[in-house]
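The values are calculated or read from the model by the stated rules, or taken from the named source; none is laboratory data. Note that the coordinates shown come from a computational prediction; the quantities given were computed from them, not determined experimentally. Cβ placement follows ideal geometry from the backbone for every residue including glycine, while neighbour counts extend to all protein chains displayed.
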Amino acid sequence: MSMEDDVRAASNQFYAALTSMAHGDAGLMAAIWSHGETVTTMHPRGGREIGWDQVRTSFEQVAQIASGGRVDLADRVIEIAGDTAYEIGVERGQITLAGEAITIDHRATNIYRRQADGWKIIHHHTDLAPAMVALVERLEAKV
């Protein structure tokens, strides 16, 4: 298996974990993410998380209001330099959050680092999704 195949397999694992999260279970994220203090994410719902504890919590919070959907990466491009790899593409799919169906269609960048137990994601960044931002604002207003 080539390094690109290994990164592609890690990416497929990440998108399987996102789809699992869309069905209310963020547990698969732990296996694909690095657990360091420097991992980061910038979600389509806004915000920025730094460190595994914040990143994990952000996915768990979404899973608590998710009840179905699927997320895939289209138009994927992978580049590898030593023990670091990145991919860009377009996330596409649909997710139901707090009973509201939201279409997913935004650009994404993922960065992976090769560790002793394989390629792990260290950064996930997407465009803002106006529908998700609006949903979060409505949910926060109810609290």
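Summary table below
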quantity: Count - residues of region 44-69 that are in a loop (DSSP other than H, G, I, E, B) and more than 23 Å from residue 94 (Cα to Cα); calculated: 1
quantity: Candidate set: region 74-115, residues that are in a strand (DSSP E or B) and small (Gly, Ala, Ser); chosen: the one nearest to residue 62 (Cα to Cα); calculated: 101
quantity: Candidate set from region 91-113 (those that are of a type in the set (S, T, N, Q) and touching a His at 6+ places or on another chain (Cβ under 6 Å)); member that is farthest from residue 29 (Cα to Cα); calculated: 109
quantity: Top-ranked residue of region 1-38 - restricted to ones that are assigned to a helix (DSSP H, G or I) and among the polar types (S, T, N, Q), ranked as surrounded by the most Cβ atoms within 10 Å (Cβ to Cβ); calculated: 11
quantity: Subset of region 43-52 [buried (at least 17 other Cβ atoms within 10 Å of the Cβ) and aliphatic (A, V, I, L, M)]; calculated: none
quantity: Complete set of residues in region 1-43 that are among the β-branched types (Val, Ile, Thr) and within 20 Å of residue 93 (Cα to Cα); calculated: 19, 41
quantity: Failed criterion for residue 133 (all others in (1) in a helix (DSSP H, G or I); (2) closer than 17 Å to residue 16 by Cα; (3) modelled with pLDDT under 95 hold); calculated: (2)
quantity: Pair list, Cβ < 9 Å and 6+ apart or interchain, from region 56-82 residues that are under 16 Å from residue 123 (Cα atoms) to residues that are exposed (fewer than 13 other Cβ atoms within 10 Å of the Cβ) and of a type in the set (A, V, I, L, M); calculated: 56/30
quantity: Residue identified as in contact with a Ser or Thr (Cβ under 6 Å, 6 or more places away or on another chain), more than 18 Å from residue 119 (Cα to Cα) and not aromatic (Phe, Trp, Tyr) among 60, 49; calculated: 49
quantity: Failed item, numbered, when residue 41 is tested on (1) closer than 28 Å to residue 138 by Cβ; (2) assigned to a helix (DSSP H, G or I); (3) touching a Phe, Trp or Tyr at 6+ places or on another chain (Cβ under 9 Å); calculated: (2)
quantity: Region 53-76 - residue that is out of contact with any helix residue (DSSP H, G or I) (no Cβ under 9 Å at 6 or more places or on another chain) and under 13 Å from residue 29 (Cα atoms) and, of those, surrounded by the most Cβ atoms within 10 Å (Cβ to Cβ); calculated: 58
